[in-house]
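K.L.:
Below is a structure I'd like to ask you about.
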Amino acid sequence: MSTTTTTNGTTPLVQGPTTQQTSSFISTKHASPSEFTPLQQRYKGLNTMISGVFSGAMANFVLHPLDCIKIRMQANDRGVKRTTFVGLKDSIKVTKAIYLEDGWKGYYRGLSSAMIGAGLAWGLYFTIYNSKKYDYEKEYGVNQVPTLQLTFCGLQAGVVTNLLTHPIWLIKTRLQLQNSVDTLPSVGTSHHLQNIKYNGNWDCFRKIIKYEGVKSLYIGLTPSMLLISHGIIHFVCYDRMKSIYLNYKNEKRHESQETLYHLNGTESFILGFLGKGIAGFVTYPLQVVKTRLQDKSNYYHQERYKSFSDALVKIYKHEGYKAFFRGIVPHVLKVSPNGAIVLMLNEQIMKLLYLAEEKKFKQNH
């Protein structure tokens, strides 16, 4: 969920046309067969999907250990009030605990579901977001879409992506928390789910349906839907910063009739890092509540949450507001570079796909 990797300016345009000429090409619904229109190539659904899937999966693979640490910290010490923020020392403690329980493999629990979920989510989000944004760019111009319209793009992309990928994230969370002794009930209760173990993604999916029902695949959907705001903030921040930067760069190039500027890897990484960091911090409390609801121990822990609102009230009442930021350290260490890596890879992959389309077009004309 920052802008889509396919916004104009990220890939080079054909030599020759000025900014005004390019805008006139974009404003026409049907371009002449002899004209190579960059936006039509860059917003191709297949290209965008391929780029999103690859960049999302790769970024998640690199940073997955931090996600495991974060999830464990979010679920730990349920009902226990802390007088200090759960910071770096606690992060190190949990990191050691995971290693003692499972060795280095413990840092990669749920990796396959995370890569599938991230790849699918980014692919869908980029495709839908860019498609809607392209419609607005035909009206407002390249890099000129207002923030409100970009928000609508993010909202539509977020709702569809979230509904389709939510069960995958539930499976990932269950696998990551499976061996955590800290999430066990603090009183001697007995529940039929307490001794259930998951042997991989499919086994987890099957057992959730068998023992909890199909509806349980959407446990935590309310905070998950609210977390759509994360993607919106991420993409809108990235898009705004990117548009300002590209417009600044292209003002100078316009006078000399040069090709329009496109972001390089370093620039897209920095903008993505900033956008993701802002979004990650603002929406983090929702992530804590979502993890608590999706944790299997919520069925039998003495501190049980019946709903999203119930979780909010009980966490604040019994643990204080600081509990909403448990795991923030590994989260920040993960989400900012994750968003940066995804957008950097996405920009560069789309650039390569664009150049391939341009070369093919020139050969045929």
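The values are calculated or read from the model by the stated rules, or taken from the named source; none is laboratory data. Fair warning: this is a prediction, and the values are worked out from it, not measured in the lab. Heads up, the Cβs are rebuilt from the backbone with ideal geometry, glycines too, and the neighbour counts pull from every protein chain shown. To get the accessible areas, we keep the full protein, side chains included, count just its heavy atoms, and leave off ligands, DNA and RNA. Shrake-Rupley method; radii C 1.70, N 1.55, O 1.52, S 1.80 Å.
K.L.:
Being within 14 Å of A57 (Cα to Cα) and touching a Lys or Arg at 6+ places or on another chain (Cβ under 7 Å) is the filter here, so list the residues in region 92-121 that pass it.
P.N.:
If the condition is that a residue be within 14 Å of A57 (Cα to Cα) and touching a Lys or Arg at 6+ places or on another chain (Cβ under 7 Å), then G110, S113, A114, G117 are the ones that fit.
Residues are listed down the side, and each one gets a yes or a no for (1) hydrophobic (A, V, I, L, M, F, W, C); (2) in contact with a Gly (Cβ under 9 Å, 6 or more places away or on another chain); (3) at pLDDT 85 or above:
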| position | (1), (2), (3) |
| --- | --- |
| Y299 | no, no, yes |
| S307 | no, no, yes |
| A323 | yes, no, yes |
| L343 | yes, yes, no |
| E347 | no, yes, no |
| K351 | no, no, no |
| Y354 | no, no, no |
| E357 | no, no, no |
| F361 | yes, no, no |
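K.L.:
Right, next: With D67, D102, D90 as the choices, which residue is closer than 15 Å to T173 by Cα, assigned to a helix (DSSP H, G or I) and among the acidic types (D, E)?
P.N.:
D67
K.L.:
Still on this structure: Test W202 against the stated conditions and say whether it is open to solvent by 30 Å² or more (accessible area, probe 1.4 Å), at pLDDT 90 or above and in contact with a Gly (Cβ under 7 Å, 6 or more places away or on another chain).
P.N.:
So W202 does not fit the description; no.
K.L.:
Which residue is nearest to the chain's Cα centre (by Cα), if the candidates are limited to region 130-167 and must be open to solvent by less than 60 Å² (accessible area, probe 1.4 Å) and aromatic (F, W, Y)?
P.N.:
Only one residue tops the list, namely Y134.
K.L.:
Next question, about the same structure. Just the residues that are in a helix (DSSP H, G or I), open to solvent by 10 Å² or more (accessible area, probe 1.4 Å) and farther than 16 Å from I168 by Cα, please, taken from region 289-303.
P.N.:
Scanning region 289-303 gives N298, Y299.
K.L.:
Something else now. Surrounded by 21 or more Cβ atoms within 10 Å (Cβ to Cβ), modelled with pLDDT of 95 or more and not acidic (D, E): is that true of L170 in this structure?
P.N.:
The answer is yes for L170.
K.L.:
List every residue pair whose Cβ atoms sit under 6 Å apart, with the two residues 6 or more apart in sequence or on different chains, where the first one lies in region 84-100 and is at pLDDT below 90 and the second, anywhere, is open to solvent by 80 Å² or more (accessible area, probe 1.4 Å) and assigned to a helix (DSSP H, G or I).
P.N.:
Qualifying pairs under 6 Å: none.
K.L.:
Next question, about the same structure. Can you name the residue in region 205-227 that is more than 18 Å from the chain's Cα centre (by Cα) and among the aliphatic types (A, V, I, L, M) and, of all such residues, is most open to solvent (accessible area, probe 1.4 Å)?
P.N.:
V214
K.L.:
While we're looking at this one, here's another question. Which one of the conditions (1) open to solvent by less than 20 Å² (accessible area, probe 1.4 Å); (2) at pLDDT 85 or above does L263 fail to meet, given that it meets all the rest?
P.N.:
(2)
K.L.:
May I pose another question? For region 304-330, give me each residue that is within 28 Å of E212 (Cα to Cα), open to solvent by 20 Å² or more (accessible area, probe 1.4 Å) and touching a Lys or Arg at 6+ places or on another chain (Cβ under 8 Å).
P.N.:
Correct list: H318 only.
K.L.:
Any chance region 103-113 includes a residue that's within 26 Å of P285 (Cβ to Cβ), crowded, with 19+ Cβ neighbours inside 10 Å, of a type outside the set (D, E, K, R) and touching a Pro at 6+ places or on another chain (Cβ under 7 Å)?
P.N.:
no
K.L.:
Report, by residue number, each residue of region 142-157 that is part of a loop (DSSP other than H, G, I, E, B) and out of contact with any Asp or Glu (no Cβ under 9 Å at 6 or more places or on another chain).
P.N.:
Result: V142, P146.
K.L.:
Any residue at all in region 331-351 that is open to solvent by 20 Å² or more (accessible area, probe 1.4 Å) and over 19 Å from the mean Cα position of the chain (by Cα)?
P.N.:
There is at least one residue in region 331-351 that is open to solvent by 20 Å² or more (accessible area, probe 1.4 Å) and over 19 Å from the mean Cα position of the chain (by Cα).
K.L.:
Hey, another quick one. Does L286 count as modelled with pLDDT under 80, of a type in the set (A, V, I, L, M), touching a Pro at 6+ places or on another chain (Cβ under 8 Å) and open to solvent by 30 Å² or more (accessible area, probe 1.4 Å)?
P.N.:
No, not satisfied.
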